[in-house]
1. Report Rg/Rh for region 17-58, rounded to two decimals, where Rg is the Cα radius of gyration and Rh the Kirkwood radius.
2. In the P(r) worked out for region 1-123, what percent of Cα pairs fall beyond 17 Å?
3. Per 5 Å bin, what percent of the C-alpha pairs of region 105-233 does each bin hold, from zero upward?
4. Quick one: grab the alpha carbon gyration tensor of region 135-197, order the square roots of its eigenvalues as a ≥ b ≥ c, and give me rounded if a/c is under 1.5, else prolate or oblate depending on whether a/b is larger than b/c.
5. List the trypsin sites (Lys or Arg not before Pro) within region 80-182 that fall in a DSSP loop (any state other than H, G, I, E or B) and whose Cβ has at most 16 other Cβ atoms within 10 Å.
6. Rounded to whole Å and sorted largest first, what semi-axes of the equivalent ellipsoid does the C-alpha gyration tensor of region 68-168 yield via the square root of 5 times each eigenvalue?
7. For the chain, build the charge dipole from Cβ charges (+1 Lys, Arg; -1 Asp, Glu) around the Cα centre, then report which of 24, 208, 230 sits farthest towards its positive end.
8. If you take the Cα atoms of the chain, find Rg, then find the Kirkwood Rh from the mean of 1/r over all pairs, what is Rg/Rh?
Amino acid sequence: MYIYGKNVAREKLHNNSKINKIYLSEKFNDREILDLIRKNNIKVSFVKNYELDKKVEGLHQGIVMEIDDVKTYSYDEIIPNIKKENPVIVMLDHLEDPHNFGAIIRTSEALGVDAIIIPTDRSVKVNSTVVKTSVGAIEYIPIIRVVNLNDTIRKLKDDGYWIIATDMDGEDYSKIDYNMPVCIVIGNEGKGISRMVSENSDIIASIPMKGKINSLNASVSCAIVLSHIMKDR
């Protein structure tokens, strides 16, 4: 897959991550990145800017990297191996927007989330836009792909997690006790939390709205709840 942008490039280069090839604009002049490329001895092709435009859709800032697909994990590879007393997991209920996904990854990593769970079907994939929007955070947080969210919820409960789904019709998120292993469920941008996921959740948490708009962007909702959890603890 292709990833792009200076921040993503710096993160990859600093971490000695595997990079198959780098495409640079002929006018690229970021000295720090150029020095890191030389230090890591990575193959580079200097190309016209329009050739980079053909490879990716977003703002590439003159650098595109060719890497293997981002590694994802199974439930059993990650969840049983989290040794913290009260872990925090984020589950995305068929989120579709890669920008939302990338922003949630960035927020989750910054606020100490232990893993993110996504379904394999009808859901955003880990693509170059997600990597770019995460601004390198995807390097530090495991993404778990599962076939069925409700089966996963049952496994999480068996492993001692409380499932807290975010939706408009629930109790005030700021009044909930989060001092336990929790999985925060964020719903689809348009449909919200699916019925079965809602029914299988232990608590429905809502963010009180004071203005005329009655809903928030998925990544914003996630950030508000996660920041409260960390403050509460």
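1. Working: Rg = 10.8 Å, Rh = 11.1 Å.
My calculation of the ratio gives 0.97.
2. 65
3. Histogram of Cα-Cα distances, whole percents per bin: 2, 9, 19, 24, 23, 15, 6, 1, 0.
4. rounded
5. Details: sites: 83, 84, 106, 122, 125, 132, 145, 154, 155, 157, 175; in loops: 83, 84, 122, 125.
Listed in order of number, the matching sites are 83, 84, 122, 125.
6. Numbers: eigenvalues 84, 46, 36 Å².
That gives 21, 15, 13 Å for the three semi-axes.
7. It is 24, whose Cα lies furthest towards the positive end.
8. Numbers: Rg = 19.3 Å, Rh = 18.9 Å.
Reported Rg/Rh (Cα atoms, Kirkwood Rh): 1.02.
FYI, it's all coordinate maths here, none of it is from the lab. From a predicted model like this one, the values you see are computed outputs, not experimental measurements. Reconstructed Cβ throughout: ideal geometry from the backbone, glycine too, with neighbour counts over all protein chains shown.
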